[in-house]
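The values are calculated or read from the model by the stated rules, or taken from the named source; none is laboratory data. Predicted model, so just to flag it, every value in this text is computed and none were measured. Counting neighbours? That spans all protein chains shown, and the Cβs are built from the backbone with ideal geometry, glycine included. Ligands, DNA and RNA are stripped out before the accessible areas are found, and what is left, the full protein with its side chains, is counted by its heavy atoms. Shrake-Rupley method; radii C 1.70, N 1.55, O 1.52, S 1.80 Å.
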Amino acid sequence: MEDSILKLLRRKNYAPMNVPELLRALMAQPSEQQALQAALRKLVRKGRIARIKGNRFIIPTEADLIPGRIQITRQGNGYHRPDDPSMKEIPVAATETSTALHDDRVLVRRDTRIRFQQGREVSSVSGSVIRILERARAQIVGTLKQSSQFLYVIPDDPRLQHDIYVPKPKDLGRPARAGDKVVVELREWESRHTNPEGEIVEVLGAPDEEGVDLLCVLRAYNLPLRFPRKVLQEAKQIGDQVTGADRAGRTDCRKHPVITIDPVDARDFDDAFYIERDPAGHWKLWVHIADVSHYVKPGTELDLEARGRGNSTSLVDRVIPMLP
């Protein structure tokens with residue numbers, strides 16, 4: 001149904017329609033209205049369509065509504081990076097970021113202004129956030145504070161410039177004291193003119209307590225310490241033997257006495273080299289790079305997990321790997 005909706009909205013003669021009108025235009029049955037509404041909600045969340053006045057739906061770019069990710073600076077200003085790589089970045093003033101947080105997917109209204117400068121026509125582009133499509137993070141790490149009347153959390157990330165009001169936490173296994181590092185789960189936040197509200201879901205401890213600094217990093221960047229069971233099962237099925245099928249179409253260099261680039265205490269050994277002199281006295285250098293793509297096939301559980309992690313993350317006392 002999503003494809004049918006997009007095809008309809010892209011027609012040259014399309015005029016913005018509401019749900020009943022879309023139902024008729026798609027020649028769908030009244031019993032399919034719930035499925036239509038679910039598809040519309042999904043497309044709106046993705047930023048592929050937009051809901052405008054009168055609960056009517058359009059392709060966003062038709063109204064200069066651009067989906068993409070917003071980057072927030074420490075000064076509070078934003079820079080919107082459209083999903084369409086051919087489009088230029090759109091600056092967003094701090095007063096126009098609405099309730100967007102750093103790296104959220106948002107829908108921005110693009111505003112182009114024309115002015116004359118030294119007899120020439122000059123255009124300037126700016127934007128304003130009109131909808132949050134997807135939060136980059138649901139949980140925020142910060143320091144718990146106590147005022148005379150309420151509790152609030154100051155986020156560690158300086159790009160998050162609003163304190164978060166929280167109720168007294170319950171049943172977290174350890175008490176939360178003013179000054180502790182905590183993890184807050186955001187609730188709905190409707191206006192940038194009011195502080196967001198949240199709920200403390202984890203008490204990490206006093207900032208000078210051993211290990212708390214590391215926990216803050218892990219929680220702030222949502223770094224997973226464990227691999228899902230399906231990922232581990234796929235990795236185990238690969239085994240530790242090179243089969244005939246593995247060798248097909250590839251050069252076997254296992255007899256090279258290679259030298260690894262990584263030190264002896266490294267967590268990953270994926271780069272190495274080998275050098276030899278040929279009978280004519282010339283040197284030949286072999287550079288070995290781990291052929292991960294031979295084992296990690298597109299669309300597998302290993303591939304999807306690696307995409308989500310993006311890279312291996314090195315911390316002071318450990319590495320959180322991209323692959324098992």
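Yes or no: the range 92-100 includes at least one residue that is within 30 Å of residue 124 (Cβ to Cβ), at pLDDT 90 or above, open to solvent by 20 Å² or more (accessible area, probe 1.4 Å) and not in a helix (DSSP H, G or I). Checking the range 92-100: at least one residue is within 30 Å of residue 124 (Cβ to Cβ), at pLDDT 90 or above, open to solvent by 20 Å² or more (accessible area, probe 1.4 Å) and not in a helix (DSSP H, G or I).
Reported count of residues in the range 106-150, each being open to solvent by 30 Å² or more (accessible area, probe 1.4 Å) and either within 31 Å of the chain's Cα centre (by Cα) or not β-branched (Val, Ile, Thr) (or both), is 31.
Yes or no, residue by residue, for (1) β-branched (Val, Ile, Thr); (2) more than 29 Å from residue 103 (Cβ to Cβ); (3) assigned to a helix (DSSP H, G or I); (4) over 26 Å from the mean Cα position of the chain (by Cα):
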position	(1), (2), (3), (4)
14	no, yes, no, yes
22	no, yes, yes, yes
31	no, yes, yes, yes
34	no, yes, yes, yes
38	no, no, yes, no
42	no, no, yes, no
48	no, no, no, no
54	no, yes, no, yes
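Could you tell me whether any residue of the range 299-306 is free of Cβ contacts under 8 Å to residues at least 24 places away in the same chain, open to solvent by 50 Å² or more (accessible area, probe 1.4 Å) and not in a helix (DSSP H, G or I)?
Among the residues of the range 299-306, at least one is free of Cβ contacts under 8 Å to residues at least 24 places away in the same chain, open to solvent by 50 Å² or more (accessible area, probe 1.4 Å) and not in a helix (DSSP H, G or I), which makes the answer yes.
Scan the range 275-302 for residues that are under 19 Å from the mean Cα position of the chain (by Cα) and within 18 Å of residue 246 (Cβ to Cβ) and the total you get is 1. Checking the range 31-46 against the condition returns a match, with at least one residue being β-branched (Val, Ile, Thr), over 20 Å from residue 86 (Cβ atoms) and surrounded by 15 or more Cβ atoms within 10 Å (Cβ to Cβ).
Hey, residue 238 hits all of (1) in contact (Cβ under 8 Å) with a residue 24 or more places away in the chain; (2) surrounded by fewer than 13 Cβ atoms within 10 Å (Cβ to Cβ) but one; which does it fall short on? Result: residue 238 fails condition (2) only. Of all residues in the range 143-195, those that are touching a strand residue (DSSP E or B) at 6+ places or on another chain (Cβ under 6 Å), among the charged types (D, E, K, R) and outside any strand (DSSP E or B) total 6. Within the range 258-280, restricting attention to residues that are free of Cβ contacts under 8 Å to residues at least 24 places away in the same chain, of a type outside the set (A, V, I, L, M) and open to solvent by 90 Å² or more (accessible area, probe 1.4 Å), the residue that is nearest to residue 322 (Cα to Cα) is 269. Among the numbered conditions (1) more than 19 Å from residue 227 (Cβ to Cβ); (2) surrounded by 13 or more Cβ atoms within 10 Å (Cβ to Cβ), the only one that residue 283 does not meet is (2).
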